[in-house]
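Presented below is the structure to which this report refers.
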Amino acid sequence: MASLNVYSVLVVLFLTCGVVMATKENDQIIKENNCETKMGLPCVLEAFTSIFNTRIISNKCCSELVVLGKVCHSALVKRTLENPVFKDLNPATMIAKSIQTWNNCLALIDSPSPSA
């Protein structure tokens with residue numbers, strides 16, 4: 001019975017360390033890449049609502065998102081999902097929505113503009 005308790009404690013420690021490491025990894029990426037300074041607050045909010053509330057993101061904010069970069073975008077989304085406020089959201093669904101927003105913006109920015 002004691003070995004079962006030790007095993008349970010080790011599993012809990014392993015899972016807890018994994019979450020702490022993920023948090024530190026995202027924070028490190030955000031800090032090293034100055035992610036929090038690359039987008040204006042209005043576009044941060046617009047991108048956030050695009051991912052978490054299924055709203056449309058403007059061309060201007062798509063441009064800022066692409067300049068922010070995929071690494072920063074992913075780290076910021078993952079850090080947001082670590083917040084207890086979002087505990088009821090399915091992380092896989094939210095990450096898929098963030099990738100969809102990223103890909104839509106990238107396609108929009110990379111597509112040639114119609115001639116005027």
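The values are calculated or read from the model by the stated rules, or taken from the named source; none is laboratory data. Keep in mind the model is a prediction, meaning the values are calculated, not measured. Because the Cβ atoms are built from the backbone with ideal geometry, glycine has one as well, and the counts that use them run over all protein chains shown.
When you scan the stretch 44-57, do you find a residue that is more than 21 Å from GLU25 (Cβ to Cβ), surrounded by 13 or more Cβ atoms within 10 Å (Cβ to Cβ), within 15 Å of the chain's Cα centre (by Cα) and of a type in the set (Asp, Glu), even just one?
Checked against the condition, which is being more than 21 Å from GLU25 (Cβ to Cβ), surrounded by 13 or more Cβ atoms within 10 Å (Cβ to Cβ), within 15 Å of the chain's Cα centre (by Cα) and of a type in the set (Asp, Glu), the stretch 44-57 yields at least one hit.
Could you grab me the full set of residues in the stretch 16-49 that are small (Gly, Ala, Ser) and at pLDDT 90 or above? Explain how you work it out, then say what you get.
Just the residues of the stretch 16-49 that are small (Gly, Ala, Ser), to begin with: 18, 22, 40, 47.
Listed by number, the residues that qualify are GLY40, ALA47.
For the stretch 62-73, give me each residue that is touching a residue at least 40 places away in the same chain (Cβ under 8 Å) and either buried (at least 17 other Cβ atoms within 10 Å of the Cβ) or over 17 Å from GLN28 (Cβ atoms) (or both).
In the first step, residues of the stretch 62-73 are kept if they are touching a residue at least 40 places away in the same chain (Cβ under 8 Å); the result is 62-63, 65-66, 71-72.
The answer is CYS62, SER63, LEU65, VAL66, CYS72.
Just for the stretch 75-90: of the residues that are free of Cβ contacts under 8 Å to residues at least 40 places away in the same chain and of a type outside the set (A, V, I, L, M), which one is farthest from ASN26 (Cα to Cα)?
ASP88
So which residues in the stretch 97-116 are at pLDDT 90 or above and exposed (fewer than 12 other Cβ atoms within 10 Å of the Cβ), if there are any at all?
Across the stretch 97-116, the qualifying residues are ASN103, ALA107.
Looking only at the stretch 26-35, count every residue that is in a helix (DSSP H, G or I) and surrounded by 13 or more Cβ atoms within 10 Å (Cβ to Cβ) and tell me the total.
First pass over the stretch 26-35, keeping only residues in a helix (DSSP H, G or I): 26-32, 35.
Filter again for surrounded by 13 or more Cβ atoms within 10 Å (Cβ to Cβ), leaving 26-27, 29-30, 35.
Qualifying residue count, the stretch 26-35: 5.
Quick test for you: out of LEU76, LEU81, LEU13, pick the one residue that is over 30 Å from ILE109 (Cα atoms) and either at pLDDT below 90 or part of a helix (DSSP H, G or I) (or both). Write out each step before concluding.
On the way: LEU76 fails: over 30 Å from ILE109 (Cα atoms); LEU81 fails: over 30 Å from ILE109 (Cα atoms).
Answer to the check: LEU13.
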